[in-house]
Amino acid sequence: QVQLVESGGGLVQPGGSLRLSCAASGIIFRISGMKWYRQAPGKQRELVAAIGSSGITNYADSVKGRFTISRDNAKNTVYLQMNSLKPEDTGAYYCGTAWGARDYWGQGTQVTVSS
């Protein structure tokens, strides 16, 4: 069965950095596109970054130049390096993928940016 397990969230001051990880199992990771989403309290879930099987990436305008998505196919893991964090980056971060005509999500990891 497909499992996505996020880690790396926490409390950080504005301007700080965090690196999120998402370990995947139950899929052929190297051919799977992976995405990071976030959801702030009272708001809809939004796409933050995506990486294709070829390594091509794209980002939400709000995080361009600050966040970097990457993948390690040997470890079946996708990462989200977040720099220059802002209070508006606060939220639950989820990784997701589509496999077998279904969308899958992890349980999420909380990121709080506050002084």
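The values are calculated or read from the model by the stated rules, or taken from the named source; none is laboratory data. All values derive from a computational prediction rather than experimental measurement. Positions of Cβ are backbone-derived with ideal geometry, glycine not excepted, and every protein chain shown enters the neighbour counts. SASA here: full protein model, heavy atoms, side chains in, ligands and nucleic acids out. Shrake-Rupley method; radii C 1.70, N 1.55, O 1.52, S 1.80 Å.
Some points to look at:
- For the chain, averaging the sequence separation of C-alpha pairs within contact (under 8 Å, six or more residues apart) and dividing by the residue count gives a relative contact order of 36 percent.
- The H on the amide N of V48, modeled in the peptide plane, is under 5 Å from the matching H of W36, Y37, R38, each at least 5 residues off or on a different chain.
- Karplus 3J(HN,Hα) series, Hz, for segment 100-115 with 6.51 cos²θ - 1.76 cosθ + 1.60 (x for Gly, Pro): x, 6, 10, 9, 10, 9, x, 7, x, 9, 7, 10, 10, 10, 7, 8
- Whole-number accessible area per residue in Å² for segment 1-83, which is evaluated in the context of all protein chains at 1.4 Å: 54 Å²
- Applied to segment 67-83, the Karplus parametrisation 6.51 cos²θ - 1.76 cosθ + 1.60 on θ = phi - 60° returns per-residue 3J(HN,Hα) values of 10, 9, 9, 8, 9, 10, 5, 5, 9, 6, 10, 10, 10, 9, 8, 10, 10 Hz, with x for Gly and Pro.
- The amide H of T90, built 1.01 Å from its N in the peptide plane, has V113 as neighbours under 5 Å, considering only residues 5 or more places off or on other chains.
- The modelled label-to-label distance between S62 and Q1, using points 7 Å beyond Cα along the C-beta direction, is 3.2 nm.
- Distant alpha-carbon pairs in the chain (separation over 20 angstrom), percent: 35 percent
- DSSP bridge analysis restricted to the chain gives an antiparallel fraction near 90%, rounded to the nearest 5.
- For a straight C-alpha distance cut-off of 18 angstrom, the lysines reachable from K35 (same-chain residues fewer than eight places away being disregarded) are K64, K75.
- Carbon plus sulfur fraction of accessible area for the chain, probe 1.4 Å, in percent: 47 percent
- Taking label positions 7 Å along the Cα-Cβ direction at both A98 and Q39, the computed distance is 2.0 nm, reported to one decimal.
- Karplus-derived HN-Hα couplings along segment 45-54 (A = 6.51, B = -1.76, C = 1.60, θ = phi - 60°), whole Hz, x at Gly and Pro: 5, 10, 6, 9, 7, 9, 9, x, 5, 7
- Amide H contacts of G16 (H built 1.01 Å from N, under 5 Å, at least 5 apart or other chain): L85
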